[in-house]
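Below is one structure, written out as structure tokens; comments come after it.
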Amino acid sequence: ARLELLAGMLRGGDGADDSAVLQAHVGEGHAFQALYLLSVQGRVRAVGLAASAAVGDSLRGRELAGSFLFRSARGGIAAAWDGRHPALESGLPTVGLATRRADGQVLVGEMPPAFLRDVLLAVAGPETTALWVMERDGNLLADTGQAGGAGRLERASESLLETVRAGHAPPRELQLGERRYWVEVVDSAPLGWFFIGRMSAGWQHPAVREL
């Protein structure tokens, strides 16, 4: 919703004016570390970058028509997400969100991977069951039980996702190394993510250890 509001604030014509608006909504105190408006051809027209406005100006004109976010937003997805979006400045994987304006231009926002974990913790609360947030191919976006958790889990978790993708009920238990978990899987089709709640099973469960 925040990205859609920002998209509506932009004139869509003057790149300098729009860059000033975007620059005011990045960096400390804001969710986004980068914001940029792509033309209908996929070129960067306006940029707001936490690093500096000068660096952002140097990136105007870059062609991103082949990016997953641009193609998804132009294809009609209201809010497109990508957990491995290449950051505009560095090219390193980050969490990207895109929305399409009525004129066909696409606004992209970049957030640090840790931001997703912080949002989940804020919404669910610190006492909730730990969650893995995973893309459909098994890429781990966030782990509320471990700061900075991202990348991939062990092969056992991938077999769990294969079961869900095939339309079968997932097993209620998952063995990862020496640890065993009770798990519950929720498939969010609009986001293309799996939310996997987990709780230590057997003697590793805190309630059992207190007996």
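The values are calculated or read from the model by the stated rules, or taken from the named source; none is laboratory data. The structure presented is a predicted model; accordingly, all values stated were derived computationally and were not measured. Here Cβ is always computed from backbone atoms with ideal geometry, including for glycine, and neighbour counts include all displayed protein chains. Remember, those area values only see protein heavy atoms, side chains included, never the ligands or the DNA or RNA. Shrake-Rupley method; radii C 1.70, N 1.55, O 1.52, S 1.80 Å.
Remarks
- Pair list, Cβ < 6 Å and 6+ apart or interchain, from the stretch 50-71 residues that are closer than 14 Å to L37 by Cβ to residues that are part of a helix (DSSP H, G or I) and modelled with pLDDT of 90 or more: L64/F70
Here's the yes/no breakdown for (1) loosely packed, with under 15 Cβ neighbours inside 10 Å; (2) charged (D, E, K, R):
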{"position": "Q23", "(1), (2)": "no, no"}
{"position": "Q33", "(1), (2)": "no, no"}
{"position": "A46", "(1), (2)": "no, no"}
{"position": "S58", "(1), (2)": "yes, no"}
{"position": "G66", "(1), (2)": "yes, no"}
{"position": "S72", "(1), (2)": "no, no"}
{"position": "I77", "(1), (2)": "no, no"}
{"position": "A80", "(1), (2)": "no, no"}
{"position": "E89", "(1), (2)": "no, yes"}
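- Identity of the residue in the stretch 175-202, closer than 14 Å to R165 by Cα and in contact (Cβ under 8 Å) with a residue 24 or more places away in the chain, that ends up surrounded by the most Cβ atoms within 10 Å (Cβ to Cβ): I196
- E28 fulfils the conditions (1) closer than 16 Å to T99 by Cβ; (2) surrounded by fewer than 19 Cβ atoms within 10 Å (Cβ to Cβ); (3) of a type in the set (D, E) except for a single criterion, (1).
- From the list L49, L22, L38, L6, the one residue that fits, being closer than 18 Å to P113 by Cα and within 23 Å of the chain's Cα centre (by Cα), is L49.
- Near pairs, Cβ below 9 angstrom, 6+ apart or cross-chain, from the stretch 1-28 (assigned to a helix (DSSP H, G or I)) to any residue that is open to solvent by less than 20 Å² (accessible area, probe 1.4 Å) and of a type in the set (D, E, K, R): M9/D18
- Residues in the stretch 91-100 that are closer than 20 Å to S188 by Cα and open to solvent by 60 Å² or more (accessible area, probe 1.4 Å): none.
- S52 being more than 14 Å from L6 (Cβ to Cβ), hydroxyl-bearing (S, T, Y) and modelled with pLDDT under 90: yes
- Complete set of residues in the stretch 162-193 that are at pLDDT 80 or above, under 28 Å from H85 (Cα atoms), among the aliphatic types (A, V, I, L, M) and not in a strand (DSSP E or B): V164, A166
- The residues on offer are V55, V47, and the sole one that is within 23 Å of R11 (Cβ to Cβ) and either out of contact with any Leu (no Cβ under 9 Å at 6 or more places or on another chain) or assigned to a strand (DSSP E or B) (or both) is V47.
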